[in-house]
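Q: Submitted below is the structure of interest, expressed as structure tokens.
Read-outs throughout are calculated quantities, based only on the coordinates presented, and are distinct from any laboratory measurement. Just so it is clear, the structure is predicted and the values come from calculations on it, not from any experiment. Cβ coordinates were reconstructed from backbone atoms using ideal geometry, including for glycine residues, and neighbour counts include every protein chain displayed.
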Amino acid sequence: MANSVTQEYMQIPAVTRAYTTACVLTTAAVQLEFITPFQLYFNPDLILKKYQIWRLITNFLFFGPLGFSFLFNMIFLYRYCRMLEEGSFRGRTSDFVYMFLFGGVLMTVSFSIHHINNSQACISSPNHVSCHYQ
């Protein structure tokens, strides 16, 4: 049984497996109170003034507390990322990673501009990767 679970896990495409696993582990760390959501959210002031660079990445990994919403977010994330990686980006893993990075940079820059214009910090919901660009 454990071997079949491992085999199924290893059959998930690499980028989808890594991102989904990172999201689940980040949420588990918050749920187990190893870290708090306040250590993860995107805050340009803390990034630029206190050099908390990890916030550029961690805001895309936390999907809120465990619950029904988290479960559906993980299902949709897994499903659409896998469809993209096995379909539109088959054999082009680096292009898929580039799409992730480009989308993340675009969302980060747009939020930074919005933050500067409105001078209000907010906990960013993990603006999930735009996996529906097929």
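Q: Just flag the chymotrypsin sites (Phe, Trp or Tyr not before Pro) in the range 42-110 sitting in loop per DSSP whose Cβ has no more than 15 other Cβ atoms within 10 Å.
A: Details: sites: Phe42, Tyr51, Trp54, Phe60, Phe62, Phe63, Phe68, Phe70, Phe72, Phe76, Tyr78, Tyr80, Phe89, Phe96, Tyr98, Phe100, Phe102; in loops: Phe42, Tyr51, Trp54, Phe60, Phe62, Phe63, Phe89.
Of the chymotrypsin sites (Phe, Trp or Tyr not before Pro), the ones in loops of the range 42-110 whose Cβ has at most 15 other Cβ atoms within 10 Å are Tyr51, Trp54.
Q: Of all trypsin sites (Lys or Arg not before Pro) in the range 13-83, which ones are in loop regions per DSSP and have a Cβ with at most 13 other Cβ atoms within 10 Å? Kindly include the intermediate steps, with their values, before the conclusion.
A: On the way: sites: Arg17, Lys49, Lys50, Arg55, Arg79, Arg82; in loops: Lys50.
Answer by residue number: Lys50.
Q: Determine the shape class of the range 3-124: with a ≥ b ≥ c the square roots of the Cα gyration tensor eigenvalues, call it rounded for a/c under 1.5, and otherwise prolate if a/b is greater than b/c, oblate otherwise. Could you put the intermediate results ahead of the total?
A: Details: a/c = 2.31, a/b = 1.45, b/c = 1.59.
Oblate, because a/c is 1.5 or more while a/b does not exceed b/c.
Q: While we're looking at this one, here's another question. List, in order, the whole-Hz ³J(HN,Hα) value for each residue of the range 74-81 obtained from phi through the Karplus relation with A = 6.51, B = -1.76, C = 1.60 and θ = phi - 60°; use x for Gly and Pro.
A: Those phi angles translate into 5, 4, 5, 4, 4, 4, 6, 5 Hz.
Q: Roughly how many nanometres apart are two label points built 7 Å out from the Cα toward the Cβ at Trp54 and Ile35?
A: That separation, rounded to one decimal, is 0.5 nm.
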